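Trainee: Starting off with a structure, shown below.
The values are calculated or read from the model by the stated rules, or taken from the named source; none is laboratory data. No experiment lies behind these values; they were computed from the predicted model shown. Glycine also receives a Cβ, built like all others from the backbone with ideal geometry; neighbour counts cover every protein chain displayed.
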Ligand SMILES: Cc1ncc(COP(=O)(O)O)c(C=O)c1O
């Protein structure tokens with residue numbers, strides 16, 4: 001076979017990576033009643049009608065859209081203005097602080113390329129957004145060091161010490177720690193890091209000269225939690241809004257943001273690396289970005305969308321209300337069915353649920369050669385419903401799964417109904 005060694009390695013099917021297959025066979029009550037309901041991908045469909053109406057009413061195809069465009073001038077100007085309005089940066093964001101790519105996934109991979117030599121390490125706390133793993137390790141030769149928290153809250157201030165221990169251990173092994181990645185708001189836990197945590201992690205990164213990569217792709221998808229009590233809930237704080245003086249060299253601070261989540265537009269494919277004091281990073285990425293460039297039509301759509309301040313304000317507000325309602329709905333479902341979940345969610349699209357406990361209650365004999373997560377995933381797929389397994393998200397505890405609650409209500413309810421059936425139903 002005339003393939004490279006790395007291509008042969010990548011061609012080996014990964015049994016845990018089946019969502020592309022699921023996407024080809026999605027349930028539709030009329031056109032594909034036998035298909036899968038997917039509550040597994042981090043998509044927000046709640047505002048799609050609003051988005052479609054705005055774009056189809058405003059975006060006209062221009063001859064320039066068929067060209068390489070204007071060197072990303074207008075998208076960078078628009079994005080800088082938008083970020084200044086919504087991220088409260090200490091220092092105004094300028095177009096030169098941005099590198100634009102076709103989504104946050106490629107933006108994250110670019111940070112691995114830019115900060116890490118092959119063999120260098122990036123730290124990632126558990127549980128994590130599963131695709132960070134290939135982003136860092138698939139093509140760049142950089143490695144991940146996964147941080148365990150045991151019984152400590154992964155977003156709590158005590159977690160900082162766990163990160164430091166990992167850095168020290170890597171250094172003892174003779175490895176260079178190039179970066180530390182946070183998803184803030186967190187995927188899959190749907191919570192925000194506190195100001196105290198962020199400043200402590202900045203100091204840690206400064207002490208060890210580690211790049212801090214703060215993935216803030218859910219920054220504007222925050223909402224009031226009216227459901228859970230007895231948990232600390234932090235408002236979202238962007239690292240851009242923290243004065244780095246006496247904390248960290250600002251050249252080490254980088255933010256990822258794009259339209260995939262906050263504008264429910266995974267398919268537009270537009271993301272950015274925002275780094276305010278590291279011009280060399282942006283210069284280094286100029287030749288590389290050719291391979292992950294946005295299309296001129298995507299630029300034009302996003303420029304149009306983000307330039308309409310009134311529409312943007314309304315969109316964010318309505319989106320927040322929809323997120324809040326969906327969260328209330330999915331937590332009511334969980335409580336009604338006796339399903340434990342990780343409370344305190346005030347951002348993003350996820351409910352992190354302990355299906356393991358539920359499944360074992362119905363199937364005390366469930367211990368087989370397979371792991372509990374695999375047994376449950378088999379049952380879910382047999383029941384034609386897909387959700388992400390904690391095993392793919394580095395969960396420290398077995399049996400936890402991530403439900404995406406930002407699908408239209410009928411679709412969500414069909415998925416929740418199928419989950420209960422797959423668990424053995426009548427669990428109340
Ligand atoms: C934390 C986080 N970062 C990045 C991405 C990928 O974003 P994009 O669609 O812009 O590549 C996701 C998608 O789920 C995500 O949850």
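Trainee: Report those helices (runs of 4 or more DSSP H) wholly inside the range 291-387 carrying at least 2 residues which are within 26 Å of residue 216 (Cα to Cα).
Mentor: Per the criteria, 296-307, 309-336.
Trainee: Residue under question is residue 55, and the condition is that it be part of a helix (DSSP H, G or I) and farther than 30 Å from residue 353 by Cβ; does it hold?
Mentor: yes
Trainee: Give me the strands (runs of 3 or more DSSP E) completely within the range 95-160, filtered to those with at least 3 residues that are away from the ligand (no atom under 15 Å from the Cβ) and farther than 20 Å from residue 217 by Cα, ordered by residue number.
Mentor: Strands (runs of 3 or more DSSP E) meeting the threshold: 143-147.
Trainee: Something else now. Test each condition in (1) over 30 Å from residue 67 (Cβ atoms); (2) in contact with a helix residue (DSSP H, G or I) (Cβ under 7 Å, 6 or more places away or on another chain) for residue 259 and report the one that comes out false.
Mentor: For residue 259, the exception is condition (1).
Trainee: Among the candidates 127, 134, 185, single out the residue that is buried (at least 20 other Cβ atoms within 10 Å of the Cβ), out of contact with any helix residue (DSSP H, G or I) (no Cβ under 7 Å at 6 or more places or on another chain) and at negative phi.
Mentor: Answer to the check: 185.
Trainee: Continuing with the same structure: Going through the range 251-268 one residue at a time, which ones are surrounded by fewer than 21 Cβ atoms within 10 Å (Cβ to Cβ) and within 28 Å of residue 346 (Cα to Cα)?
Mentor: Scanning the range 251-268 gives 266, 267.
Trainee: Same structure again: Sort through 223, 263 and tell me the only one that's away from the ligand (no atom under 16 Å from the Cβ) and under 18 Å from the mean Cα position of the chain (by Cα).
Mentor: Details: 263 fails: away from the ligand (no atom under 16 Å from the Cβ).
Only one candidate qualifies: 223.
Trainee: Tally up the residues in the range 319-332 that are surrounded by 21 or more Cβ atoms within 10 Å (Cβ to Cβ) and touching a helix residue (DSSP H, G or I) at 6+ places or on another chain (Cβ under 8 Å), please.
Mentor: Residues that pass the stated criteria total 3.
Trainee: Test each condition in (1) crowded, with 22+ Cβ neighbours inside 10 Å; (2) modelled with pLDDT of 95 or more for residue 358 and report the one that comes out false.
Mentor: For residue 358, the failing item is (2).
Trainee: Quick check, is residue 71 more than 16 Å from the ligand (Cβ to nearest atom), free of Cβ contacts under 8 Å to residues at least 12 places away in the same chain and outside any helix (DSSP H, G or I)?
Mentor: For residue 71, the condition - more than 16 Å from the ligand (Cβ to nearest atom), free of Cβ contacts under 8 Å to residues at least 12 places away in the same chain and outside any helix (DSSP H, G or I) - is met.
Trainee: Return the residue satisfying two criteria in turn: it lies in the range 238-250 and is surrounded by fewer than 22 Cβ atoms within 10 Å (Cβ to Cβ) and touching a residue at least 12 places away in the same chain (Cβ under 8 Å), and of such residues it is nearest to the ligand (Cβ to nearest atom).
Mentor: 238
Trainee: Next up: For the range 271-287, indicate whether the set of residues that are farther than 30 Å from residue 407 by Cβ, assigned to a strand (DSSP E or B), in contact with a helix residue (DSSP H, G or I) (Cβ under 6 Å, 6 or more places away or on another chain) and more than 16 Å from the ligand (Cβ to nearest atom) is non-empty.
Mentor: No.
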